[in-house]
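Peer 1: Starting off with a structure, shown below.
Nothing in this text is a laboratory measurement; each read-out follows from the coordinates by a stated rule. Note that the coordinates shown come from a computational prediction; the quantities given were computed from them, not determined experimentally. Cβ atoms come from the backbone with ideal geometry, glycine included; neighbour counts cover every protein chain shown.
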Amino acid sequence: MHKLASLLFAIGLAALLIGLAAQLPLGMTPMVVGQAILEQAPGETGSANIVTSVVLAYRGIDTLGELAILFAAATVAGLVLAPSIHAESRLRAKPRHDAGLVLRAGSDLLFPLLLSVGFYIVLHGHLTPGGGFQGGVVLAAAFFVSFLARPARQPSHVGIVLIEALAGASFIGIGLAALLGGGAFLQPVLDKGTLGQLVSAGSLPLLYLAVGLKVGAELSGLLAHLAE
């Protein structure tokens, strides 16, 4: 009976897919929505990078959901990896020595470079490929390299939580500001500026900055727990 039900489901699914494919015009690209976005996004959002328009404007609520999922995953992982009271006391009693000269020197060299690259990717996400998610990962890597070189200098978990909370609140606050202005949630506000310039795309660069700081803070805390 189970095999018969599976067979009927497979036949029904195949019939559905064949019926949908039969309605598509042969030899024509069915990307109606995608073509409309390619044509209208630069004028509507002021962003030269169409991906930014989709991620933060047309699909902004979905991006907010992705941030919520990342927050939940980082929180659960932190709770699982957090040492107990007795384990933490033993870790504090045991001295943590710095890494060798090569790793410490490399960390001192890479830390400012990674910060610069990370913020560059975040702040230029509306102009070139990149954005808050990619730049946030680079920012987290900068602090993680520094932590590996000097384990005794643990990152401030209070500071990480504060940055994460302010970034998340800023993202939602910008979306609510669009609602108060009579638009849709996360609809670009402020002046769109000149297409292709750094100061352009209205509030989209601010949203990407909030995303970058939130992602960077969450991953920094997670990597710190893994290293401990």
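Peer 1: What's the FRET efficiency of residue 161 with residue 110 using the Cβ-Cβ distance as r and R₀ = 30 Å, to the nearest 0.05? Don't jump to the answer; show the numbers that get you there.
Peer 2: Values: r = 25 Å, r/R0 = 0.84.
Working from the Cβ atoms, E equals 0.75.
Peer 1: While we're here: So if R0 is 35 Å, what FRET efficiency would residue 8 and residue 36 give, r being the distance between their Cβ atoms, rounded to the nearest 0.05? Let's see the in-between values first.
Peer 2: Values: r = 38 Å, r/R0 = 1.10.
About 0.35, to the nearest 0.05.
Peer 1: May I pose another question? To the nearest 20 debye, what charge dipole does the chain have about its Cα centre, counting +1 at the Cβ of each Lys and Arg and -1 at the Cβ of each Asp and Glu?
Peer 2: Working: 11 positive and 11 negative charges, 139 e Å.
Once rounded to the nearest 20, the dipole reads 660 debye.
Peer 1: Continuing with this model, one more query. Return the single residue from 102, 145, 137 with maximal mean-square fluctuation; model: Gaussian network over the chain, springs between Cα atoms under 10 Å.
Peer 2: Fluctuation is largest for 102.
Peer 1: Given 5 Å bins starting at zero, what is the percent of C-alpha pairs of the chain in each, up to the one with the largest pair distance?
Peer 2: In order of increasing distance, the bins hold 1, 6, 11, 13, 13, 11, 10, 9, 8, 7, 5, 3, 2, 0, 0 percent.
Peer 1: By how many nm would the segment from residue 61 to residue 103 grow when fully extended, if each residue of separation counts as 0.36 nm and the alpha-carbon distance is taken off? Present the calculation step by step, with values, prior to reporting the outcome.
Peer 2: Values: separation 42, 0.36 × 42 = 15.12 nm, distance 4.14 nm.
Here the answer is 11.0 nm.
Peer 1: Say the dipole of the chain comes from +1 at the beta carbon of Lys and Arg and -1 at that of Asp and Glu; which of 224, 33, 118 then lies farthest toward its positive end?
Peer 2: 224
Peer 1: Which of the DSSP-defined H helices in the chain satisfy a minimum axial length of 20 Å, computed from C-alpha atoms, and a minimum mean Kyte-Doolittle hydropathy of 1.0? Show your work: numbers first, answer last.
Peer 2: Values: long enough: 2-23 (32 Å, 1.68); 60-81 (31 Å, 1.75); 101-123 (33 Å, 1.81); 132-149 (26 Å, 1.84); 157-180 (34 Å, 2.00); 204-227 (34 Å, 1.43).
In the chain, the long hydrophobic H runs are 2-23, 60-81, 101-123, 132-149, 157-180, 204-227.
Peer 1: Answer with one residue from 207, 97, 138: the one whose Cα lies farthest towards the positive end of the charge dipole of region 2-227, charges on Cβ with Lys, Arg +1 and Asp, Glu -1.
Peer 2: With unit charges placed on the Cβ atoms, the residue in question is 97.
Peer 1: Taking only Cα atoms and a 10 Å spring cutoff, compute GNM fluctuations for the chain and point out the largest among 166, 64, 16.
Peer 2: 16
Peer 1: Under the rule a/c < 1.5 gives rounded, and otherwise a/b versus b/c splits prolate from oblate, where does region 100-228 land using the Cα gyration tensor? Can you show the working numbers first?
Peer 2: Working: a/c = 3.98, a/b = 1.84, b/c = 2.16.
The shape class here is oblate.
Peer 1: Then there's this: Taking neighbour Cβ counts within 10 Å as the exposure measure, how do 58, 208, 120 sort from fewest upward?
Peer 2: On the way: 58 20, 208 30, 120 14.
The most exposed by this proxy come first: 120, 58, 208.
Peer 1: Summing -39500 (n - 2.57) over the DSSP H runs of n ≥ 4 in the chain and dividing by its residue number, what mean residue ellipticity at 222 nm do you reach, to the nearest 500 deg cm²/dmol? Kindly include the intermediate steps, with their values, before the conclusion.
Peer 2: On the way: 8 runs with 156 residues, N = 228.
The helix contribution divided over the chain gives -23500 deg cm²/dmol.
Peer 1: What nm distance separates the two modelled labels at residue 22 and residue 77, each placed 7 Å from Cα along Cα→Cβ?
Peer 2: According to this spin-label approximation, the distance is 4.8 nm.
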